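Here is the structure we will look at.
No lab work stands behind these numbers, since they all come straight from the coordinates. This one's a predicted model, so the numbers in the text were calculated from it and none came from an experiment. Methodologically, a virtual Cβ is constructed for each residue, glycine included, from the backbone with ideal geometry; neighbour enumeration extends over all protein chains shown.
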Amino acid sequence: MIKRREQFYEESGLTESMSIPVRFSEVDSLGIVWHGHYILYFEQGREAFGKTYGIDYMTIQKAGYTTPIVKSTCEHKLPLRYGDTARIVTSYVDTPAAKMIFRFKIYNSKGQLVCQGETVQVFLDDAENLVLSIPAFVLDWKRKVGLL
């Protein structure tokens, strides 16, 4: 049986893929990417997704909202190394709740999955109050991209 909170956690089919080089400043003395940089890679993936699908941070801010992260998970599978090219695949998870969920998969130059994770963002209005219903601009966006 599927629990209620899990039934909406299917990816929507909206994805964006981008590649970035692993820079020397991102690795430790062993030449392996420091674990904290994966969250920054997730951020880059979210930004690329937002620009592609018209739901970037500036659009959200112009609508009078901010979307702080309230949860993030990161599972490491293999190390990324200096000189690798990381491919970040970002997927939007559609939910009927007033939040934005993104899933991430990061692959190395050989196409191997090195990391996967998820972030959850909520909506705050311009007075920094938690918004409990989906903002109108998000509903309009969902219609535009075929989610409603």
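Where in the chain is the longest stretch that carries no GluC sites (Glu not before Pro) classed as loop by DSSP and with at most 11 other Cβ atoms within 10 Å?
Longest site-free region, per DSSP loop and neighbour criteria: 11-127.
Among all the aspartates and glutamates, which ones have a C-alpha under 16 Å from K110's C-alpha, if same-chain residues fewer than 8 places away are not counted? Candidates past the 8-residue exclusion: D84.
Computed from the alpha carbon atoms alone, the convex hull of segment 4-144 holds 119 Å³ per residue. Taking a straight Cα-Cα cut-off under 26 Å and skipping sequence neighbours fewer than 8 places away in the same chain, the lysines within cross-link reach of K105 are K3, K51, K71, K77, K142, K144.
Using θ = phi - 60° in the Karplus curve 6.51 cos²θ - 1.76 cosθ + 1.60, the 3J(HN,Hα) couplings for segment 133-148 round to 10, 5, x, 4, 5, 6, 4, 4, 4, 4, 5, 4, 8, x, 8, 10 Hz; x is entered for Gly and Pro. Under the convention that each Lys and Arg Cβ holds +1 and each Asp and Glu Cβ holds -1, the size of the dipole of the chain around its Cα centre is about 360 debye.
For the chain, the residue among S72, I88, I60 whose Cα projects farthest onto the positive side of the dipole built from Cβ charges is I88.
Only loop residues by DSSP count here, and only those with at most 13 other Cβ atoms within 10 Å; note down the trypsin sites (Lys or Arg not before Pro) in segment 62-148 that meet that.
Here the sparse-neighbourhood loop sites are K77, K110.
Ordering I39, L130, F49 by the projection of their Cα atoms onto the charge dipole of segment 4-144, which places +1 on the Cβ of Lys and Arg and -1 on the Cβ of Asp and Glu, puts F49 at the extreme positive end. Using the alpha-carbon atoms, what tilt in degrees (0 to 90, nearest 10) does helix 37-53 show relative to the longest principal axis of the chain? In the chain, helix 37-53 runs at an angle near 50 degrees to the longest axis. Between amide H atoms placed 1.01 Å from N, distances below 5 Å from K77 occur with C115, Q116, all of them 5 or more places distant or on a separate chain.
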